[in-house]
């Protein structure tokens with residue numbers, strides 16, 4: 001793979017959700033990511049999280065399988081795992097062992113609660129992690145229950161992407177002469193970090209600790225989504241005065257004095273009713289034509305089916321097809337080290353022979369491991 005991470009080799013112990021997302025990001029940007037699958041593991045050929053990998057299928061509970069993974073890690077720059085704390089130690093693949101074999105190894109650990117703390121050994125999912133971090137509390141309408149933002153905030157923004165950043169940071173430290181190290185990446189920590197700006201607003205007295213009552217959470221009439229006459233939606237974010245003035249003009253509200261006090265939060269509910277009524281009188285295409293390509297800060301709310309076809313996304317190649325499957329393209333883009341197009345997820349174990357050969361295993365030994373069920 002081409003890209004800024006070309007020449008970096010990462011071992012990924014197969015898991016779900018945020019750890020594979022981290023592996024996808026590293027692979028997208030040029031790293032060779034070797035995914036260690038369980039014997040009998042199945043790969044969904046349409047899963048973007050597993051694209052651009054090399055694959056080896058190993059019985060990780062057998063001594064021979066553990067030895068094999070240790071051999072792979074001796075020549076690797078990094079390893080990522082997403083098990084509960086202590087699992088890889090019990091397998092014989094913990095950081096003490098692998099960093100003993102390879103002192104320059106960056107050992108990335110992805111969990112929900114972190115490696116330490118009272119919840120460390122408890123099961124959980126995205127919704128639980130962002131609840132504990134305080135992030136979920138602020139998402140929703142006033143007087144209603146919190147709304148889970150799918151699993152974007154914990155698993156991927158505060159989890160997999162945070163681990164990818166940590167891996168690259170630690171790899172850079174190694175390049176500059178440091179030893180390898182362990183990265184404790186917790187979705188509670190990561191999702192808390194994503195709320196940094198609202199903590200700043202709160203400290204400045206500009207944020208209420210109640211969902212649906214603030215500038216950026218849908219309370220304001222100039223920062224929300226609205227339903228159109230055809231049942232589709234638009235999103236408006238006209239915060240700055242000059243953008244707000246353009247919004248008023250587009251909605252025919254320039255001469256309405258009720259809209260003069262833009263930041264008077266006490267008036268927001270009544271003003272929102274007026275805006276909603278006007279927008280509901282026309283279909284979405286009308287508002288796209290009237291507000292699109294202006295400084296109103298406007299966009300149509302597109303479905304997953306619509307987003308890849310929008311002219312802006314199409315022009316930038318924001319979405320791509322990999323083996324007939326539509327999915328988001330790698331991001332960001334690089335001017336000097338452009339990345340290759342992603343490749344489809346490989347069949348589990350497809351590259352076993354090649355990868356073991358690179359570790360010095362001869363054909364006879366590989367055949368014996370396969371016969372014994374250590375690899376597949």
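Taken together, the values in this text are just the output of simple stated rules run on the coordinates, not laboratory data. Every value quoted in this text rests on a predicted model; they were computed, and no experiment measured them. We place every Cβ from the backbone using ideal geometry, glycine too, and count neighbours over all the protein chains shown.
Label separation (residue 315 vs residue 210): 4.3 nm, computed from points 7 Å beyond Cα along the C-beta direction.
Does the range 182-237 come out rounded, prolate or oblate, given a ≥ b ≥ c as the square roots of the eigenvalues of its C-alpha gyration tensor, rounded meaning a/c under 1.5 and, failing that, prolate meaning a/b above b/c? Cα axes put the range 182-237 in the oblate bin. Fewest-first ordering of 268, 199 by other beta carbons within 10 Å of each residue's beta carbon gives 199, 268.
For the chain, the pair-distance distribution built from all alpha carbon pairs, in bins 20 Å wide starting at 0, is 24, 48, 24, 5, 0 percent. With the chain treated as a Gaussian network of Cα nodes joined by springs under 10 Å, which of 285, 179, 77 yields the largest mean-square fluctuation? Residue with maximal mean-square fluctuation among 285, 179, 77: 285. With 0.36 nm allotted per residue and the present C-alpha distance subtracted, the residue 75-residue 147 stretch has 21.5 nm of extension available.
With the convex hull drawn over the C-alpha atoms of the range 213-334, the volume per residue is 130 Å³. Were the residues from residue 202 through residue 286 laid out at 0.36 nm apart, the gain over their Cα-Cα distance would be 26.5 nm.
Between residue 301 and residue 274, 0.36 nm times their residue separation minus their Cα-Cα distance comes to what?
7.7 nm
Shape of the range 268-325 from its Cα gyration tensor (a ≥ b ≥ c, root eigenvalues): rounded if a/c is under 1.5, otherwise prolate when a/b > b/c, or oblate? Judged from the Cα gyration tensor, the range 268-325 comes out prolate (a/c at least 1.5, a/b above b/c). For a test of the definition: using alpha carbon positions, the gyration tensor, and the 1.5 limit on a/c, classify the range 1-107 as rounded, prolate or oblate. In terms of gyration-tensor shape, oblate. Label sites at residue 125 and residue 340, each approximated as a point 7 angstrom past Cα along Cα to Cβ, lie 3.6 nm apart. For the chain, the relative contact order is 22 percent, taking Cα pairs closer than 8 Å that sit 6 or more residues apart in sequence and dividing their mean separation by the residue count. Take the Cα of residue 363, step 7 Å toward its Cβ, do the same at residue 333, and the gap between the two points is 4.7 nm. Rounded to the nearest 5, the antiparallel percentage of DSSP beta bridges internal to the chain is 35%.
Here r is the Cβ-Cβ distance between residue 89 and residue 175 and R0 is 35 Å; the resulting FRET efficiency, rounded to 0.05, is 0.80. What the Cα atoms of the range 159-267 give is an Rg and a Dmax of 21.1, 66 Å. Among 215, 171, 163, a tally of other beta-carbon atoms within 10 Å of each Cβ gives an order, fewest to most, of 215, 171, 163.
Sort 137, 351 so the one with the fewest other Cβ atoms within 10 Å of its own Cβ comes first. Intermediate values should be presented prior to the final figure.
On the way: 137 14, 351 18.
With the sparsest Cβ surroundings first, the list reads 137, 351.
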